Structure formats: C-alpha cells, structure tokens
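Below: one structure, written as structure tokens.
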C-alpha cells in the first residue's frame, strides 16, 4: 500500500515533489526516527505516514510534538488494516497524539465509526487501493471444470488460515471420491514459520501445491485463470485486503472467513461467500455446497470486476489529496 500511494502521488505532483523516508528495519532504524521526523516536517508541508503497530507508537507522538515548531505542517495518517481502534485502547499518549493529526484515513467504515465514537473528529474513510488492469467482462466466459482451480494469495503463515484452506480442499476431494478442487498457494513464507509450512506441505495431497511469490505487478495475470479465491484468514485485524482487490480485478469471487470487516469488501452472494470465523468445519461445508453447485460462485465473476473499479488509485487518492 505504501508503494502504491507513493507512485500515485508522484504521478500527480511529479517525483521531484515527493520525499520518501523508509523506516523499515525495526530497532536498527530507531535512532534515525527523530532525524527522519525533523527532515520530513522541515521540508514538506504535507507529511503522510503509514506506520505499523510498533512504529505508530513512536512516530505519531513525535511528529505531533514537533508540530509545535512547524505549525503550518499537516500530518496525515493512512492506516493499513483494521486494527487501530483496538490497539489504542490502553495507550493514552497515542490516543491523545492522534487527536492532533490533521487527518486519520481509516481503511474501513467500521474503523471510521469506532474512532468517531471514541471522540475523534479528524477521521475519514479511505479504502485500500491498487493499480491493476481489470480484466474485461468478455474474458470471463471461460468454461471451468473439475478439478476447479482455487488459490490463496497472501502472506504464507498460520494466522492467514492457509492450513484451513488445504484441509478443506482435501476433505471435499476425499468426501467426493475424486478431485473436485485443486489449491495453489502463493506468497512469501514468513521467516519464523518455515517449520510450520514444511510440516503442512509434508502432509498435503498432490492437489495442494506451493507456487512461490507472484510478481507484484503480475497479480491479475497470475490469478485470472482460477475459478475463485480462498481467503481463510484467522486475523481479526484485516481491513480491505489487497489480495481481495487483486481477486476482483482478475474476476475471482472470494470465499472468506467472516472476519470483522468482511462486509466492507465482500457482498455475500454477490462477490463471494463467508463462513464462520476460525471454523474450518464451516469452510468444508461451504466448499461442499459449491462442489455440488459450482454455478453458485462461478456466476459471480462479472460482479467482481465491476467491484474492482472502486479500488483504483485514481479514484481513491483524491480523498487524500483533497486535504493537501
């Protein structure tokens, strides 16, 4: 999301008008933080930040403190994911500092409402977005047949429910007595979950395969020939996942767990289907229903490409630049 935002702003204002400060590196970059904050405020009228859990605790209080020196600066916080309201409940300094930002851009309406209910007036809705070439509706008339090709397209780790997807596909195939579905897993395997993933791949059937990391700018080309996508996340803090935007642009309906922000991006029975959060048995039951009536989900493909237009950068970035 950070890369897409930078590229979108550069197209509008020109690269020479954009300064980028990379804070990735954890503790190693901690000593650089005051310098980065000072340089950003000294040189830029508008400072846009997209910090994760740890960085937000440092950058927001620091930047709002330094605004006492640089009074004509505007600090904009573009939130990634849907975790912020729960995260700040026991952090009084961060809560107070967030009030002093020019604007907080919530990725979901649910987050926007939660922050407003907490007393924030500097909040607006700005969904996730990606620069994707949406497949034409005419290309979606392809005939699918067994085994229906499914995929996951996210970070590869236990909290993303990858093992749930594999287990559900294998269950349906076993129950049916033949291969109804195949499953391709895409994404980077998290460094601390190598052993877990090796164990998973060691026990799955031949219908489940790991396909590695798809190029960032080739997601639609990679996904367009699949029947639909599985998004079996076990992470409560999902917002508007970029992977679902990828799916829509490629014409893929999505079967997803009912995480708290599910209804913000998936319209039940229109662009996909949901099942009880964290319940692999519910996922198995849903896939069995689809196996008996594949049309119930394959007929949704055109709805998905129409939905994808809502998440194009040229549409969404205006919410941010309006406040510059």
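The values are calculated or read from the model by the stated rules, or taken from the named source; none is laboratory data. None of these values were measured; they are calculated from a predicted model. Ideal geometry is used to build each Cβ from the backbone, glycine not excepted, and the neighbour counts take in all protein chains shown.
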Could we say that residue 277 is part of a strand (DSSP E or B) and either modelled with pLDDT of 95 or more or in the same structural domain as residue 156 (by TED's automatic domain parsing) (or both) here? no
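Could you look through the range 93-109, keep only residues that are touching a strand residue (DSSP E or B) at 6+ places or on another chain (Cβ under 9 Å) and more than 20 Å from residue 324 (Cα to Cα), and pick out the one that is surrounded by the fewest Cβ atoms within 10 Å (Cβ to Cβ)?
109
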How about the range 110-151: which of its residues are in contact with a strand residue (DSSP E or B) (Cβ under 6 Å, 6 or more places away or on another chain), in a loop (DSSP other than H, G, I, E, B) and farther than 19 Å from residue 76 by Cβ? 147
Tally the residues that are within 11 Å of residue 239 (Cβ to Cβ) and out of contact with any helix residue (DSSP H, G or I) (no Cβ under 9 Å at 6 or more places or on another chain), restricting the search to the range 93-111. 0
For residue 298, only one of the following conditions fails: (1) crowded, with 20+ Cβ neighbours inside 10 Å; (2) out of contact with any helix residue (DSSP H, G or I) (no Cβ under 7 Å at 6 or more places or on another chain); (3) over 28 Å from residue 79 (Cβ atoms). What is its number? (1)
